[in-house]
Amino acid sequence: MSTPREPGTDSGTSAGSGPAAPPDARFEETPWRRLDPRTLLVHCGWMAAPLGSLALTALATGGRINTEAWITLAAISASFAVLTTLGLIRWARTEFRITIPRRGEGAGGASPTFDVRSGLLTRRLRSVPLHRIRTVDLTATPVHRVLGVTVLRAGTAGSGDGSSELSLEALTVPEAERLRTELLAYADAEAIANDPVVARINWRWLRYAPLTFWVIGGVFVAAGGAYRALDGIGIEAWKLGFVQRAFTEFGASALWLTIPAALVVILALGSVGAVVLYVENWWSYCLEWTDSRTLRVRRGLLTTRAVTIERARLRGVVLREPLLLRAGGGALVRAVAGGLGNREENRKRSGLLPPAPRAEALRVAGGTLRSPFPGSAAPAALTPHPRVALRRRRVRGLLFVVLPGTAVLAGLGAAFTPVLLHCAWIYALVTTALSLWLARDAYRNLGHGLDGPYLVARSGTFSRDTVALQRDAIAAWTFSTSPFTRRAGLVTLTAAVAAGDDGYRIPDLPATDAPGFATTAAPGILEEFLVHPGPAPVPGQRSR
């Protein structure tokens with residue numbers, strides 16, 4: 001048992017070092033709770049590999065087990081006995097509770113805490129105020145799911161690297177859900193916004209690395225780089241013997257097998273490359289406020305990077321959700337800030353968060369702005385755009401994607417082989433369905449609005465971007481139209497700022513609403529150009 005402690009501290013004493021300390025008068029005597037006994041079965045999962053190997057050996061030899069196999073079995077049995085005993089002791093000595101302050105004068109300003117008591121030889125009590133808990137994750141491996149249990153991990157302020165994480169393995173799923181609700185019920189939004197450490201790297205985010213452009217495009221970029229390097233030293237890659245043999249064998253084999261196999265290889269190589277690139281770029285990542293005026297991003301393995309952004313130059317943030325990453329529930333965050341260089345340098349230096357869970361991206365965006373991110377609402381919460389914008393996207397998909405490809409395949413089929421005619425109608429069906437779906441998704445993502453000091457705009461389908469831009473940072477407005485948009489009564493409104501990409505578009509706004517929205521968002525820019533209804537001008541006087 002540990003000694004009395006103040007909330008938010010860790011303490012540890014040797015087992016059996018003395019009697020239990022008297023309870024703190026400021027807190028109610030909340031009973032301790034234990035983990036589920038099935039925790040012991042979870043720890044036995046390591047036996048699957050050696051026992052499976054032993055079973056395969058016995059099966060291959062017809063049941064004849066040699067001396068080495070018996071030694072292996074004895075070692076497994078001894079290890080099982082030792083680890084099971086240790087696991088039983090660990091389970092018996094791991095307890096947790098939520099401590100609630102007493103009401104009245106004795107509370108002394110104490111706050112509710114989450115207490116975890118554990119340890120084999122050295123007893124450790126970790127007590128964290130509930131308002132410092134930032135995230136509560138439930139993770140279940142296949143073994144956990146079979147047993148009906150899960151692992152609960154509670155992340156505290158600045159615990160992105162796992163050093164301050166509280167973990168309980170394992171709880172029943174209903175118990176874990178109830179505990180997560182209790183922990184998050186006391187989350188302090190103001191403390192989150194004012195936490196100096198906004199985020200640290202969490203290597204569980206690696207699962208989002210393949211959900212980027214580099215999973216496919218990176219393979220071709222690497223291949224192109226290798227080709228240019230070989231060409232630079234006078235080697236023509238296409239004339240190499242193994243390259244020619246590979247293409248010959250590929251074309252001579254069954255394409256319905258080789259093409260999917262090639263795609264699988266490309267995806268595998270791209271995934272490995274994306275993970276390696278993720279690790280190199282975001283190693284030791286930390287986003288923090290070094291003081292009230294300076295935001296700093298540190299990251300990098302081979303090439304370390306430290307980017308400092310003054311708060312006075314920070315004009316907003318962009319929540320970016322590429323299509324694959326969005327399908328996996330992820331997002332990344334970029335800063336809209338001045339002083340980061342030209343467009344290419346800005347792209348490299350404006351990253352605030354690598355591909356990560358969308359909830360984490362929203363939290364980081366809010367921590368960067370020091371207020372809840374305005375774009376955290378659903379797309380429907382923003383002002384929708386007129387239905388004619390959906391029609392424009394459908395027409396563009398049909399004209400620029402479906403029609404050209406179908407015409408080319410049909411023309412080639414009529415000139416050479418009827419097989420291409422079948423390819424033409426298959427291509428038309430597939431691309432029409434895909435274009436209509438993407439047009440619908442792009443239209444649903446359209447939205448704009450005002451949220452306090454921020455202009456919020458959302459658009460895009462291959463990359464859905466939600467920008468929260470400070471309204472007082474807008475320096476000018478640009479109204480863009482074409483013959484087609486003018487006929488549809490639409491206009492694209494661009495807010496020009498001296499930061500980020502220099503301008504942020506709100507496409508396909510109603511032409512009648514755009515001036516009023518721009519005037520409300522950034523007063524003082526358009527007033528002199530607007531014509532307001534009023535009395536007729538007196539003859540001889542100039543009118544604007």
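The values are calculated or read from the model by the stated rules, or taken from the named source; none is laboratory data. Not measured: the values here are computed from a predicted model. All Cβ positions, even for glycine, are placed from backbone atoms using ideal geometry, and neighbour counts span all protein chains on display. With ligands, DNA and RNA removed, areas are computed over all heavy atoms of the protein, side chains included. Shrake-Rupley method; radii C 1.70, N 1.55, O 1.52, S 1.80 Å.
Just a few scattered comments:
- Selection from segment 210-223 of residues that are open to solvent by 30 Å² or more (accessible area, probe 1.4 Å) and part of a helix (DSSP H, G or I): PHE213, TRP214, VAL219, PHE220, VAL221, ALA222, ALA223
- Among the residues of segment 481-496, just one is without any contact (Cβ under 8 Å) to a residue 60 or more places away in the chain, among the small types (Gly, Ala, Ser) and part of a loop (DSSP other than H, G, I, E, B), namely SER482.
- Condition met for THR485 (touching a helix residue (DSSP H, G or I) at 6+ places or on another chain (Cβ under 9 Å), closer than 17 Å to VAL395 by Cα and open to solvent by less than 40 Å² (accessible area, probe 1.4 Å)): yes
- Search result, residues across segment 497-508 that are assigned to a strand (DSSP E or B) and surrounded by fewer than 17 Cβ atoms within 10 Å (Cβ to Cβ): GLY503
- In the condition set (1) over 28 Å from LEU206 (Cα atoms); (2) surrounded by 11 or more Cβ atoms within 10 Å (Cβ to Cβ); (3) of a type outside the set (Val, Ile, Thr), PHE242 is compliant with all but (2).
- Residues within segment 515-536 that are surrounded by fewer than 18 Cβ atoms within 10 Å (Cβ to Cβ) and at pLDDT 90 or above, tallied: 4
- All conditions in (1) part of a strand (DSSP E or B); (2) surrounded by 15 or more Cβ atoms within 10 Å (Cβ to Cβ) hold for THR478, with the sole exception of (2).
- Picking from residues in segment 300-327 that are open to solvent by 40 Å² or more (accessible area, probe 1.4 Å), not in a strand (DSSP E or B) and not basic (Lys, Arg), the one that is nearest to TRP289 (Cα to Cα) is ALA312.
- Selection status of ALA226, at pLDDT 70 or above, more than 19 Å from the chain's Cα centre (by Cα) and under 30 Å from ALA262 (Cβ atoms): yes
- Subset of segment 335-351 [touching a Lys or Arg at 6+ places or on another chain (Cβ under 6 Å) and either open to solvent by 40 Å² or more (accessible area, probe 1.4 Å) or in a loop (DSSP other than H, G, I, E, B) (or both)]: GLY338, GLY339, LEU340, SER350
- Extreme residue, modelled with the lowest pLDDT, among residues of segment 257-295 that are out of contact with any Gly (no Cβ under 9 Å at 6 or more places or on another chain), surrounded by 16 or more Cβ atoms within 10 Å (Cβ to Cβ) and under 29 Å from GLU310 (Cβ atoms): LEU295
Each row is one residue, and each column tells you yes or no for (1) part of a helix (DSSP H, G or I); (2) modelled with pLDDT under 75.
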| position | (1), (2) |
| --- | --- |
| ALA55 | yes, yes |
| LEU59 | yes, yes |
| ARG64 | no, yes |
| ALA69 | yes, yes |
| ALA75 | yes, no |
| THR84 | yes, yes |
| PHE96 | no, no |
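- Residue match in segment 100-118 (condition: part of a loop (DSSP other than H, G, I, E, B), modelled with pLDDT under 70, within 30 Å of VAL198 (Cα to Cα) and open to solvent by 40 Å² or more (accessible area, probe 1.4 Å)): yes
- First in segment 196-211 and closer than 16 Å to GLY351 by Cβ, second anywhere and open to solvent by 30 Å² or more (accessible area, probe 1.4 Å) and hydroxyl-bearing (Ser, Thr, Tyr), Cβ under 8 Å, 6 or more apart: ILE201/SER284; ALA209/SER271
- Pairs, first closer than 16 Å to ALA442 by Cα in segment 394-415, second among the hydrophobic types (A, V, I, L, M, F, W, C) and open to solvent by less than 60 Å² (accessible area, probe 1.4 Å), C-beta under 8 Å, six or more apart: ARG394/ALA439; ARG396/ALA439; GLY397/LEU438; GLY397/ALA439
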